[in-house]
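Shown next, in structure tokens, is the structure this report addresses.
Just so it is clear, none of the values below were taken in a lab; they were calculated from the coordinates. Note that the structure is predicted; figures quoted are calculated from it, not measured. Please note: Cβ atoms are built from the backbone with ideal geometry, for glycine as well, and neighbour counts cover all protein chains shown.
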Amino acid sequence: MIIIIALIALAVWAVVATVIELRRDGHRRIPTDWTRVAERDALDRAEAGHAYR
């Protein structure tokens, strides 16, 4: 029972720490610069019968 309580406490601590770090990491959404995006995707040129990964 002690192990289960310890695991739950560790999971709660990890979730809280993750949320805090994600809020203060400085990474923010940036709008896409469409002038730097290629017009066609590699899959548009893919031939039938070939597997592309």
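In the range 1-35, which trypsin sites (Lys or Arg not before Pro) are in a loop and have at most 10 other Cβ atoms within 10 Å, using DSSP for the loop call?
ARG28, ARG29
Want the number for LEU22 to ILE8: 0.36 nm per residue separation, take away the alpha-carbon distance, what's left?
Fully extending the segment from LEU22 to ILE8 adds 2.9 nm.
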